[in-house]
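What follows is a single structure, written as C-alpha cells, with notes after it.
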Amino acid sequence: MALKKNEKEFLLKLARESIGTYFKSGKRMELPPKSVPSKSMTENGACFVTLHIGKELRGCIGTLEAHRPLVFDVIENALCSAFEDPRFYPLRPDELPKVKISISVLSAPKPFPVKDAADLLKKLVPQKHGLIIQKGYARATFLPVVWEDLKGKEEFLAHLCMKAGLRADEWRDTKGMEFFAYEAEEFSE
C-alpha cells in the first residue's frame, strides 16, 4: 500500500490523539468514519507504531498480519506501544509532548526459503527486508528500519536471534528455522 502524504499525516495524528484521548478518558478513542481521508485506510492493514524520546526507544508494538482496518490497527498499536510494551513502564502524560511517533505499514510476510546460512546472507537485503525468524516456539521480528542501528547482515541476524531467545549464532542452522520477509512503508512525525 503506497500511502499519500495526507494519509501518512492522518495516521500519525491518529496515533498521537489515541494516546492523548486515553490519558484524558481512560478509553479508546472513537473514530468517525467520515474523518478517514481514504477508503483504502479502512481496509485491513498491519502496522507497527514506534515511540522515541530523543534517540531512546520508548515503545514499539505492532501486528505482522493484517486482521483489522489499518486505522484501528494504528490506534491499538499506538496504545499498546505507550502502555503495554513489556520492556518499558507505561508512558506518563508529561512524556507525550516529548515523544516522536513513527509508523511502519507492513506488506504481508512471505516465506523466505533459504538453502543454508550463505544463501540467507546472499538473499537478505538491508534497509529493504523486515524479517521474522521462527524456531519452535521462539519467534521474533525486526522491521526494515532496524538496519539503521545494526551494522551488517550478521549483526542483524544475531540480534534478531537473541530477541527471540535463541543463541546469537543460531540463524546459521537454517534447517531448523523458518524465515519470513516483508517490506514496510515507514514515516515519522
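The values are calculated or read from the model by the stated rules, or taken from the named source; none is laboratory data. These numbers come from a predicted model, not from an experiment. Virtual Cβ from ideal backbone geometry, glycine too; neighbours counted across all protein chains shown.
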> Conditions: (1) under 28 Å from residue 49 (Cβ atoms); (2) part of a helix (DSSP H, G or I); (3) touching a residue at least 12 places away in the same chain (Cβ under 8 Å); (4) not hydrophobic (A, V, I, L, M, F, W, C). Residue 186 meets all but one. Number of the miss?
Replying inline: (2)
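Give the stretch 145-184 a look and list any residue that's within 21 Å of residue 47 (Cα to Cα) and surrounded by 16 or more Cβ atoms within 10 Å (Cβ to Cβ), or say none. First the steps, then the outcome.
Within the stretch 145-184, the first condition is being within 21 Å of residue 47 (Cα to Cα), and the residues that meet it are 145-149, 156, 160, 163-164, 179-184.
If the condition is that a residue be within 21 Å of residue 47 (Cα to Cα) and surrounded by 16 or more Cβ atoms within 10 Å (Cβ to Cβ), then 145, 146, 147, 156, 160, 164, 179, 180, 181, 182, 183, 184 are the ones that fit.
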> Taking the stated definitions as given, is residue 49 within 30 Å of residue 179 (Cβ to Cβ), assigned by TED's automatic domain parsing to the domain that holds residue 142 and among the β-branched types (Val, Ile, Thr)?
Replying inline: no
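Name the one entry in 65, 56 that is within 12 Å of the chain's Cα centre (by Cα) and exposed (fewer than 15 other Cβ atoms within 10 Å of the Cβ). Reasoning before the result, please.
On the way: 56 fails: within 12 Å of the chain's Cα centre (by Cα).
Unique residue meeting the criteria: 65.
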> For the stretch 151-175, what are the residues that are closer than 15 Å to residue 129 by Cβ and assigned to a loop (DSSP other than H, G, I, E, B)?
Replying inline: 152
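Every residue, every condition in (1) in contact with a His (Cβ under 6 Å, 6 or more places away or on another chain); (2) modelled with pLDDT under 95; (3) over 23 Å from residue 132 (Cα atoms), yes or no:
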{"residue": "35", "(1), (2), (3)": "no, yes, yes"}
{"residue": "42", "(1), (2), (3)": "no, yes, yes"}
{"residue": "51", "(1), (2), (3)": "no, no, no"}
{"residue": "66", "(1), (2), (3)": "no, yes, no"}
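Do you know which residues across the stretch 130-149 are part of a loop (DSSP other than H, G, I, E, B) and closer than 21 Å to residue 173 by Cα?
Residues of the stretch 130-149 part of a loop (DSSP other than H, G, I, E, B): 136-137, 143, 149.
Those that are part of a loop (DSSP other than H, G, I, E, B) and closer than 21 Å to residue 173 by Cα: 136, 137.
How many residues does the stretch 117-130 hold that are in contact (Cβ under 8 Å) with a residue 24 or more places away in the chain and either in contact with a Phe, Trp or Tyr (Cβ under 6 Å, 6 or more places away or on another chain) or within 17 Å of residue 105 (Cβ to Cβ) (or both)? Give the steps one after another, and end with the answer.
Keep residues of the stretch 117-130 that are in contact (Cβ under 8 Å) with a residue 24 or more places away in the chain, which gives 117, 119-121, 124, 126, 128-130.
Retained after the next criterion (residues that are either in contact with a Phe, Trp or Tyr (Cβ under 6 Å, 6 or more places away or on another chain) or within 17 Å of residue 105 (Cβ to Cβ) (or both)): 126, 128-130.
Matching residues across the stretch 117-130 total 4.
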>> Just to be sure I understand the filter: pairs with C-beta atoms under 6 Å, separated by 6 or more residues or on different chains, first member in the stretch 45-63 and over 16 Å from residue 140 (Cβ atoms), second member of a type in the set (Phe, Trp, Tyr). Which pairs pass?
In response: 59/88
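Under the condition of being aliphatic (A, V, I, L, M) and part of a strand (DSSP E or B), which residue from the stretch 81-115 is surrounded by the fewest Cβ atoms within 10 Å (Cβ to Cβ)? Walk me through it before giving the result.
Narrowing the stretch 81-115 to residues aliphatic (A, V, I, L, M): 82, 91, 96, 99, 101, 103, 105-106, 108, 114.
From what is left, the residues that are part of a strand (DSSP E or B) are 99, 101, 103, 105-106.
Working: 99: 20, 101: 25, 103: 26, 105: 25, 106: 25.
Checked the stretch 81-115; the qualifying residue surrounded by the fewest Cβ atoms within 10 Å (Cβ to Cβ) is 99.
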> Can you spot a residue in the stretch 117-127 that is buried (at least 19 other Cβ atoms within 10 Å of the Cβ) and farther than 22 Å from residue 60 by Cβ?
Replying inline: yes
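With of a type outside the set (Val, Ile, Thr), within 18 Å of residue 14 (Cβ to Cβ) and assigned to a helix (DSSP H, G or I) as the only criterion, which of 118, 78 stands out?
78
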> Looking at (1) hydrophobic (A, V, I, L, M, F, W, C); (2) within 19 Å of residue 186 (Cα to Cα); (3) not in a helix (DSSP H, G or I), which is the only condition residue 41 fails?
Replying inline: (3)
